[in-house]
1. Counting just the residues of region 75-93 that are assigned to a loop (DSSP other than H, G, I, E, B) and not small (G, A, S), which one comes out surrounded by the most Cβ atoms within 10 Å (Cβ to Cβ)?
2. Report, by residue number, each residue of region 1-43 that is assigned to a helix (DSSP H, G or I) and either among the β-branched types (V, I, T) or more than 14 Å from the chain's Cα centre (by Cα) (or both).
3. Just need a number here: residues in region 51-74 that are surrounded by fewer than 13 Cβ atoms within 10 Å (Cβ to Cβ) and within 17 Å of K41 (Cβ to Cβ).
4. Give E35, E66, E44, E28 a once-over and let me know the one that is on the phi > 0 side of the Ramachandran plot and charged (D, E, K, R).
5. Condition first: in contact (Cβ under 8 Å) with a residue 60 or more places away in the chain, assigned to a strand (DSSP E or B) and of a type in the set (D, E, K, R). Can you find one or more residues in region 53-74 that meet it?
6. Based on what the data block shows, is V5 of a type in the set (V, I, T), surrounded by 18 or more Cβ atoms within 10 Å (Cβ to Cβ), in contact (Cβ under 8 Å) with a residue 60 or more places away in the chain and out of contact with any Ser or Thr (no Cβ under 9 Å at 6 or more places or on another chain)?
Amino acid sequence: MKHQVKVSSQVIEFLSHLAPAPRKKLKEGLRGLAELSGDLKELEGPLAGFYRLRVARYRVIFDIKEDIVYCIFAEQRNVIYETFEKIVGMGGE
């Protein structure tokens, strides 16, 4: 089943600041989400209900509703979970 992939403005902004090579790899990873392929994992704890895509040292947090994949937040691995947890805790996505 092919999913529609929607990318948030934060993810687009994050991509725009990457060097060309990592940007290309991350875009390929995002395209793979249409088939739910790639290094994917369901998150646990405070972020339960969300998923992550891993591409090198970068992560994209996403959600799946029906046949749509919503790419919500992207950042480097060392800060993404703490930062996103704060955002979710404030009630924003």
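1. Step one: of region 75-93, the residues assigned to a loop (DSSP other than H, G, I, E, B) are 90-93.
In the following step, the residues that additionally are not small (G, A, S) were identified as 90, 93.
Numbers: M90: 8, E93: 14.
Among those residues, the one meeting the criterion is E93.
2. Let us first name the residues in region 1-43 that are assigned to a helix (DSSP H, G or I), namely 9-16, 20-35.
Within region 1-43, V11, I12, S16, P20, A21, P22, K24, E35 meet the criteria.
3. As a first pass, look at region 51-74 and keep what is surrounded by fewer than 13 Cβ atoms within 10 Å (Cβ to Cβ): 57, 65-68.
Checking which are within 17 Å of K41 (Cβ to Cβ) leaves us with 57.
Number of matching residues: 1.
4. Details: E35 fails: on the phi > 0 side of the Ramachandran plot; E44 fails: on the phi > 0 side of the Ramachandran plot; E28 fails: on the phi > 0 side of the Ramachandran plot.
None of the other options fit; the residue is E66.
5. From region 53-74, those in contact (Cβ under 8 Å) with a residue 60 or more places away in the chain are 64, 67-74; that's our starting set.
After this cut, where a residue has to be assigned to a strand (DSSP E or B) as well, the list is 64, 68-74.
From what's left, of a type in the set (D, E, K, R): none.
No, every residue in region 53-74 fails to be in contact (Cβ under 8 Å) with a residue 60 or more places away in the chain, assigned to a strand (DSSP E or B) and of a type in the set (D, E, K, R).
6. Values: of a type in the set (V, I, T): yes; surrounded by 18 or more Cβ atoms within 10 Å (Cβ to Cβ): no; in contact (Cβ under 8 Å) with a residue 60 or more places away in the chain: yes; out of contact with any Ser or Thr (no Cβ under 9 Å at 6 or more places or on another chain): yes.
So V5 fails the test.
We did not get these values from a lab; they are worked out from the coordinates using the rules stated. Here the structure is a predicted model, which is why all the values come from computation and not from measurement. Virtual Cβ from ideal backbone geometry, glycine too; neighbours counted across all protein chains shown.
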